[in-house]
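I have placed the structure first, in the form of structure tokens, so that the comments after it can refer back to it.
Each value in this text was obtained by applying a stated rule to the coordinates, not by laboratory testing. Computed from a predicted model, the values in this text were never measured in an experiment. For neighbour counting, all protein chains shown are included, and Cβ atoms are generated from backbone atoms with ideal geometry for every residue, glycine included.
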Amino acid sequence: MANILIVDDSRTSRRVLRDMLEKHGHVIVDEATNGQEGFDDYGKLNPDIVTMDITMPVMDGIESLKLIHKAYPESKVIMITAAGQNEKVKEALENGATEFITKPLDEDKVISAIEKVMKK
């Protein structure tokens, strides 16, 4: 099982993700509400995996991903995106994202992405 940091400005999305992941035995080490908090928490907590929303206030997910990947090249970040954000997905993958999931969140797809990333 993985230690996971959830980064999303939506309380509902964080709760849904937490419920899905904990149900499958994963541990949520923390929840951050923007990309800056996500970067700061990564350094403190060193999670196995980060789930990172793309669109957030203060610092978006792409900028946070860039900082995390530069400081921690071994990081595993799964980007979460709304449908239709293909350019953002491409940019995220070019900047070190390990995987991506689209909203609305589907439990099978979320767990599948986590398992895929854990094997890398």
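Counting only residues that are within 19 Å of residue 8 (Cβ to Cβ) and in a loop (DSSP other than H, G, I, E, B), how many does region 60-98 have? The total comes to 10. Across region 1-24, the qualifying residues are those that are in contact with a Gly (Cβ under 8 Å, 6 or more places away or on another chain) and surrounded by 13 or more Cβ atoms within 10 Å (Cβ to Cβ), and the one among them that is nearest to residue 47 (Cα to Cα) is 5.
Among the residues of region 2-16, is there at least one that is part of a loop (DSSP other than H, G, I, E, B), farther than 19 Å from residue 103 by Cα and among the polar types (S, T, N, Q)? No, region 2-16 contains no residue that is part of a loop (DSSP other than H, G, I, E, B), farther than 19 Å from residue 103 by Cα and among the polar types (S, T, N, Q).
Do the conditions hold for residue 28, that is, is it surrounded by 18 or more Cβ atoms within 10 Å (Cβ to Cβ) and more than 11 Å from the chain's Cα centre (by Cα)? Yes.
Can you find, within region 38-55, the residue that is farthest from residue 70 (Cα to Cα) among those that are in a helix (DSSP H, G or I) and in contact with a strand residue (DSSP E or B) (Cβ under 7 Å, 6 or more places away or on another chain)? Applying the filter and picking the extreme gives 45. Scanning region 94-120 for residues being more than 14 Å from residue 51 (Cβ to Cβ) and either in contact (Cβ under 8 Å) with a residue 12 or more places away in the chain or of a type in the set (Lys, Arg) (or both) gives a total of 4.
Here residue 51 meets each of (1) within 16 Å of residue 114 (Cβ to Cβ); (2) of a type in the set (S, T, N, Q); (3) exposed (fewer than 14 other Cβ atoms within 10 Å of the Cβ) with one exception, condition (3). Scanning region 1-53 for residues being over 14 Å from residue 80 (Cα atoms), touching a Lys or Arg at 6+ places or on another chain (Cβ under 8 Å) and in contact (Cβ under 8 Å) with a residue 60 or more places away in the chain gives a total of 1.
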